[in-house]
1. Please specify each residue of the stretch 59-106 satisfying the condition of being closer than 30 Å to Asn147 by Cβ and in contact with a strand residue (DSSP E or B) (Cβ under 6 Å, 6 or more places away or on another chain).
2. Looking at Pro119, Pro88, can you tell me which residue is within 14 Å of ligand 1 (Cβ to nearest atom) and farther than 21 Å from Leu35 by Cα?
3. Of the numbered conditions (1) open to solvent by 60 Å² or more (accessible area, probe 1.4 Å); (2) under 15 Å from Gly8 (Cβ atoms); (3) in contact with a Pro (Cβ under 9 Å, 6 or more places away or on another chain), Glu95 satisfies every one except a single condition; which is it?
4. Within the stretch 106-165, which residues are open to solvent by 30 Å² or more (accessible area, probe 1.4 Å), in contact with a helix residue (DSSP H, G or I) (Cβ under 8 Å, 6 or more places away or on another chain), within 29 Å of Ala96 (Cβ to Cβ) and not in a helix (DSSP H, G or I)?
5. Take Gly47 and tell me if it is surrounded by 15 or more Cβ atoms within 10 Å (Cβ to Cβ), near ligand 1 (Cβ under 7 Å from one of its atoms) and not β-branched (Val, Ile, Thr).
6. Any residue at all in the stretch 64-81 that is open to solvent by 30 Å² or more (accessible area, probe 1.4 Å), under 18 Å from Gly15 (Cα atoms) and outside any helix (DSSP H, G or I)?
7. Looking only at the stretch 124-139, how many residues end up being more than 8 Å from ligand 1 (Cβ to nearest atom) and free of Cβ contacts under 8 Å to residues at least 24 places away in the same chain?
8. Kindly check whether there is at least one residue in the stretch 5-26 that is in contact (Cβ under 8 Å) with a residue 24 or more places away in the chain, touching a strand residue (DSSP E or B) at 6+ places or on another chain (Cβ under 6 Å), open to solvent by less than 20 Å² (accessible area, probe 1.4 Å) and away from ligand 1 (no atom under 14 Å from the Cβ).
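The values are calculated or read from the model by the stated rules, or taken from the named source; none is laboratory data. Model, not experiment: these values are computed from the prediction. Neighbour counts are summed over all protein chains in view; Cβ atoms, including those assigned to glycine, are modelled from backbone coordinates with ideal geometry. Accessible surface is based on the protein model in full, side chains and every heavy atom, while ligands, DNA and RNA are left aside. Shrake-Rupley method; radii C 1.70, N 1.55, O 1.52, S 1.80 Å.
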Amino acid sequence: MFNLVLFGPPGSGKGTQSENILKTYQLQHISTGDLLRDEVSRHTPLGMEAKKFMDQGMLVPDEVVIGMISGKIDDAPDARGFIFDGFPRTRHQAEALDKLLEFKNTKINLVLALDVPEPELVKRLLGRGATSGRSDDNEEVIQKRINEYHAKTQPVASYYNEHGKLENVKGDNTIDETFKILSRHINKYLLPVA
Ligand code: AP5
Ligand code: MG
């Protein structure tokens, strides 16, 4: 099994690149942002709790997010591996994921971190906000998300670097060019299916 964390600030292209990677390598996609938006749209108690944080550009509490992950892994027992997109986002989440995977006799193999300058992030997120219907479509919420990233999420990169799993990738090329660079790293572990 091959498990990949796709890491980077809001707007760095994690969702976009995940789609390409999961098709090429036949991996299962676990995006906590998508899972949370699904809970919000179904008006579940978890969704209602999460929405308060998401609308303000803040991280949802660790317990809520960690609780969603285990079942998603168990839902795909024959998976070739997983792409974790937008998770883990705090050091506590990263430690919890390691414990969970160890319990399931597997581990994170590689962490690819997309590096994109801040003005480009803001430009991309405003562009997506025009059509996405997401609540993070204005400059105030986008800036809060970037601040949350620096305060709480960036330490996750150091965590994986300490474990020798982190590779930094320049993320402000075209979508195709970035995918090529990501693939070069993944190919060291897993060959494309098609
Ligand atoms: P979530 O949905 O996970 O947000 P995210 O994935 O970090 O950030 P984005 O989706 O904004 O960016 P992305 O990196 O996926 O970029 P994308 O490919 O879309 O989280 C939303 C909220 O949920 C959080 O704020 C938080 O409240 C909560 N949450 C989620 N997970 C959580 C967790 N683990 N813990 C706590 N809270 C959590 O690209 C962005 C745009 O750029 C697109 O329009 C795309 O077309 C464009 N683009 C992409 N690549 C390129 C390129 N190379 N060139 C030009 N444009 C590009
Ligand atoms: Mg995303």
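1. Initially, the stretch 59-106 is screened for residues closer than 30 Å to Asn147 by Cβ, giving 59-70, 72, 82-101.
Residues satisfying the conditions are Lys72, Phe82, Ile83, Phe84, Asp85, Gly86.
2. On the way: Pro88 fails: farther than 21 Å from Leu35 by Cα.
Result of the check over Pro119, Pro88: Pro119.
3. Only one criterion in (1) open to solvent by 60 Å² or more (accessible area, probe 1.4 Å); (2) under 15 Å from Gly8 (Cβ atoms); (3) in contact with a Pro (Cβ under 9 Å, 6 or more places away or on another chain) is unmet by Glu95, namely (2).
4. Lys107, Arg134, Ser135
5. Details: surrounded by 15 or more Cβ atoms within 10 Å (Cβ to Cβ): yes; near ligand 1 (Cβ under 7 Å from one of its atoms): no; not β-branched (Val, Ile, Thr): yes.
No; evaluated as a whole, the condition is false for this residue.
6. No.
7. Step one: filter the stretch 124-139 for residues more than 8 Å from ligand 1 (Cβ to nearest atom), giving 126, 129-131, 133, 135, 137-139.
Remaining after also requiring free of Cβ contacts under 8 Å to residues at least 24 places away in the same chain: 126, 129-131, 133, 137-139.
Going through the stretch 124-139 one residue at a time, the tally reaches 8.
8. So far as the stretch 5-26 goes, no, none of its residues is in contact (Cβ under 8 Å) with a residue 24 or more places away in the chain, touching a strand residue (DSSP E or B) at 6+ places or on another chain (Cβ under 6 Å), open to solvent by less than 20 Å² (accessible area, probe 1.4 Å) and away from ligand 1 (no atom under 14 Å from the Cβ).
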